[in-house]
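Worksheet for the structure shown next.
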């Protein structure tokens with residue numbers, strides 16, 4: 001069975017701003033885990049996206065799902081940098097990118113796929129719920 005993690009980050013009301021993250025993990029068609037939280041108060045959207053990835057990988061390790069994993073994200077930057085050799089120029093998110101790359105060494109393989117936002121609605125909804133919690 002394929003293990004798939006959907007990851008998403010959100011920053012509102014501007015970028016940088018209040019950043020939240022979320023992930024949903026499926027083992028085959030069965031939803032086995034989800035997580036969400038505050039990425040930070042004055043962070044960029046890229047930081048929030050990479051926080052979601054690092055937290056999803058950490059949860060996968062905790063669940064013992066360290067074989068072959070597919071990560072789906074609506075962030076072209078994240079997918080491009082993690083799988084297609086896009087250049088990493090710098091920015092607030094660099095530490096989170098390195099953290100994610102370090103965590104990937106625990107897996108058999110990690111493939112990245114870009115999906116349109118409409119195919120990432122569950123994780124997107126969780127980021128919005130987190131934002132409502134932390135924006136008060």
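The values are calculated or read from the model by the stated rules, or taken from the named source; none is laboratory data. For clarity, every value in this text was computed on a predicted model and none was experimentally measured. For neighbour counting, all protein chains shown are included, and Cβ atoms are generated from backbone atoms with ideal geometry for every residue, glycine included.
If I ask for residues that are in a helix (DSSP H, G or I), out of contact with any strand residue (DSSP E or B) (no Cβ under 7 Å at 6 or more places or on another chain) and closer than 23 Å to residue 2 by Cβ, which ones from region 96-118 would you list? Working first, answer last.
In the first step, residues of region 96-118 are kept if they are in a helix (DSSP H, G or I); the result is 96-104, 117-118.
Next cut, out of contact with any strand residue (DSSP E or B) (no Cβ under 7 Å at 6 or more places or on another chain) only: 96-103, 117-118.
Of everything in region 96-118, those that are in a helix (DSSP H, G or I), out of contact with any strand residue (DSSP E or B) (no Cβ under 7 Å at 6 or more places or on another chain) and closer than 23 Å to residue 2 by Cβ turn out to be 100, 101, 103, 117, 118.
In the set 41, 72, 58, 101, which member is surrounded by fewer than 13 Cβ atoms within 10 Å (Cβ to Cβ) and touching a helix residue (DSSP H, G or I) at 6+ places or on another chain (Cβ under 9 Å)?
Working: 72 fails: surrounded by fewer than 13 Cβ atoms within 10 Å (Cβ to Cβ); 58 fails: surrounded by fewer than 13 Cβ atoms within 10 Å (Cβ to Cβ); 101 fails: surrounded by fewer than 13 Cβ atoms within 10 Å (Cβ to Cβ).
Result of the check over 41, 72, 58, 101: 41.
Any idea which residue in region 75-87 is modelled with the highest pLDDT, counting only those that are surrounded by fewer than 13 Cβ atoms within 10 Å (Cβ to Cβ) and on the phi < 0 side of the Ramachandran plot? Spell out how you get there, then give the answer.
First, pick out the residues of region 75-87 that are surrounded by fewer than 13 Cβ atoms within 10 Å (Cβ to Cβ): 76, 84-85, 87.
Now narrow it down to the ones that are on the phi < 0 side of the Ramachandran plot: 76, 84, 87.
Numbers: 76: 95, 84: 74, 87: 83.
Among residues in region 75-87 that are surrounded by fewer than 13 Cβ atoms within 10 Å (Cβ to Cβ) and on the phi < 0 side of the Ramachandran plot, the one modelled with the highest pLDDT is 76.
In this structure, does residue 31 turn out to be out of contact with any helix residue (DSSP H, G or I) (no Cβ under 8 Å at 6 or more places or on another chain) and part of a strand (DSSP E or B)? Working first, answer last.
On the way: out of contact with any helix residue (DSSP H, G or I) (no Cβ under 8 Å at 6 or more places or on another chain): yes; part of a strand (DSSP E or B): yes.
Yes: the conditions hold for residue 31.
In region 75-95, what residues are in a loop (DSSP other than H, G, I, E, B) and over 19 Å from residue 16 (Cβ atoms)? Quick ask: steps written out before the conclusion?
Taking region 75-95 first, the residues in a loop (DSSP other than H, G, I, E, B) are 75, 84-93.
The answer is 84, 85, 86, 87.
I'd like the full set of residues that are assigned to a strand (DSSP E or B) and either within 19 Å of residue 121 (Cβ to Cβ) or free of Cβ contacts under 8 Å to residues at least 60 places away in the same chain (or both), limited to region 1-13. Spell out how you get there, then give the answer.
First pass over region 1-13, keeping only residues assigned to a strand (DSSP E or B): 3-12.
Once the filter is applied, which keeps residues that are assigned to a strand (DSSP E or B) and either within 19 Å of residue 121 (Cβ to Cβ) or free of Cβ contacts under 8 Å to residues at least 60 places away in the same chain (or both), region 1-13 yields 4, 5, 6, 7, 8, 9, 10, 11, 12.
Any residue that is modelled with pLDDT of 95 or more, surrounded by fewer than 20 Cβ atoms within 10 Å (Cβ to Cβ), under 12 Å from the mean Cα position of the chain (by Cα) and more than 16 Å from residue 12 (Cα to Cα) - is there at least one of those in region 118-133?
No - not one qualifying residue is present in region 118-133.
Has region 44-54 got any residue that is over 12 Å from the mean Cα position of the chain (by Cα), within 11 Å of residue 6 (Cα to Cα) and either touching a residue at least 40 places away in the same chain (Cβ under 8 Å) or outside any loop (DSSP other than H, G, I, E, B) (or both)? Write out each step before concluding.
To start, the set of residues in region 44-54 that are over 12 Å from the mean Cα position of the chain (by Cα) comprises 44.
Then keep just the ones that are within 11 Å of residue 6 (Cα to Cα); that gives none.
No, region 44-54 contains no residue that is over 12 Å from the mean Cα position of the chain (by Cα), within 11 Å of residue 6 (Cα to Cα) and either touching a residue at least 40 places away in the same chain (Cβ under 8 Å) or outside any loop (DSSP other than H, G, I, E, B) (or both).
Among the residues of region 14-31, how many are in contact (Cβ under 8 Å) with a residue 24 or more places away in the chain, surrounded by fewer than 23 Cβ atoms within 10 Å (Cβ to Cβ) and farther than 19 Å from residue 111 by Cα?
The total comes to 4.
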